[in-house]
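Any read-out appearing in this document is the output of simple, stated calculations on the displayed coordinates, not a laboratory observation. Bear in mind the structure is a predicted one, so any value in this text is a computation, not a measurement. Please note: Cβ atoms are built from the backbone with ideal geometry, for glycine as well, and neighbour counts cover all protein chains shown.
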Amino acid sequence: MKTIYIHHPYQFEPFLEKCKVLALGFFDGVHLGHQKVIQTAKKLAEEKKMICAVMTFDPHPSAVVKQKKTVQYITPLQEKMKAIAALGVEELYVVHFTKEFASLSPQEFIDQYVIALSVKHVVAGFDYTYGKMGRGTMETLPFHSRNEFTQTVVDKLTKDDQKVSSTEIKKRISDGEMEKVAQMLGRQYEITGVVVDGDKRGRKIGFPTANISCSINYLVPRVGVYAVQIEVDGIWYDAMCNIGYKPTFNDETLITTIEVHIINFSSTIYGKNVTVRFYTRIRDEQKFPHFEELVSQLHRDKQFAFEYFEKNKDKG
């Protein structure tokens, strides 16, 4: 997949502009609804013998328009790019979202970023908006097209009578409902980070953990213990993960930690990039009055994770 980064104002080079079908959206999560939009564009591009392209934006518009200091993503840009590439997209346009770009009228956006791109067909979800204040909609798109392209509107996708959306997925992640998240994403939720040095308390009680530091703003699941898999050097291992504050040992006002105990694993992995894949929530984080009770619970958690993956060998 060819990736083109765009900073407004941008002049498209004529030699780049082969006729294309363009899927428009922010696509955070690249969930099943997003996949339906992109797969529709891909199918139409094949039928029309055109390039299948996707346009997305970075950062999230709310970071600019609403001036949010911190925006948490289901799929930060690099992860989103990987997921889009996996769908067989040929070209990805990443538009740097700025105040100047946000001030474009709907017609200016279409003229400068769709028609100028030699787009002959646009595919987007029914609720897609464009231009200043989101005044452009899929209903106004035919007018703004200046008869230069046609369009396909993709209806909403539902699972168990619930609309599949980034907002709903974020709520489920925040609630720790990882099975529901996977149903909407079409895959398990993942977080990537670096293994950093910790207090090594887990090693002393027989449960060494990899402390994961994330340099980008992933949405972290609800505090608790999870059955997960972790990828180290290209190999996936069964594991359990604690997200929380280690209340048995610490003041609960401390920052959230992500610690992973890998089942039947003894190698040192400090400094390695790893990916944690969430499957199911085992329990809430608890504060234990006695150290021995914590250790007993950790053994039960480990057994739960082991049995979970034994029953679901096809996962991962």
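Taking every DSSP helix (H) stretch of at least 4 residues in the chain, weighting each as -39,500 (n - 2.57) and dividing the sum by the residue count yields a mean residue ellipticity at 222 nm of -8000 deg cm²/dmol.
Length available on full extension from Arg135 to Lys68: 0.36 nm per residue minus the Cα-Cα distance, which gives 22.0 nm. Size descriptors for segment 252-304 (Cα atoms only): Rg and Dmax, in that order, 13.4, 35 Å.
Residue ranges 257-266, 284-293, 47-56 sort as 47-56, 257-266, 284-293 when ordered by packing (mean number of other C-beta atoms within 10 Å per residue, highest first). Relative protection proxy for 215-228, 33-46, 296-309, from highest mean packing down: 33-46, 215-228, 296-309 (other beta-carbon atoms within 10 angstrom). Taking only the Cα atoms of segment 50-94, the ratio Rg/Rh comes out at 1.06, with Rh defined as the Kirkwood radius. Put simply, when 184-196, 132-144 are sorted by average Cβ atoms within 10 angstrom per residue, most first, you get 184-196, 132-144.
Volume of the convex hull of the chain (Cα atoms only), normalised per residue: 149 Å³. When a/c reaches 1.5 or more, the comparison of a/b and b/c decides; with that in mind, is segment 105-157 rounded, prolate or oblate per its Cα gyration tensor? The shape class here is oblate.
Find how many whole Å separate the alpha carbon centroid of segment 116-146 from the alpha carbon centroid of segment 269-313. About 47 Å separates the Cα centre of segment 269-313 from the one of segment 116-146. Derived scalar couplings between HN and Hα for segment 303-308 equal 5, 4, 4, 4, 5, 4 Hz in order, rounded to whole Hz, by the Karplus curve 6.51 cos²θ - 1.76 cosθ + 1.60 (θ = phi - 60°), x for Gly and Pro. Considering every alpha-carbon pair of segment 1-112, the percent of pairs per 5 Å bin, from zero through the bin containing the longest distance, is 2, 11, 21, 23, 20, 16, 5, 1, 0. Using just the C-alpha positions of segment 49-185 as equal point scatterers, what log10 of I(q)/I(0) does the Debye formula give at each q in 0.11, 0.16, 0.20 1/Å? Log-scaled intensity ratios, in q order: -0.47, -1.02, -1.47.
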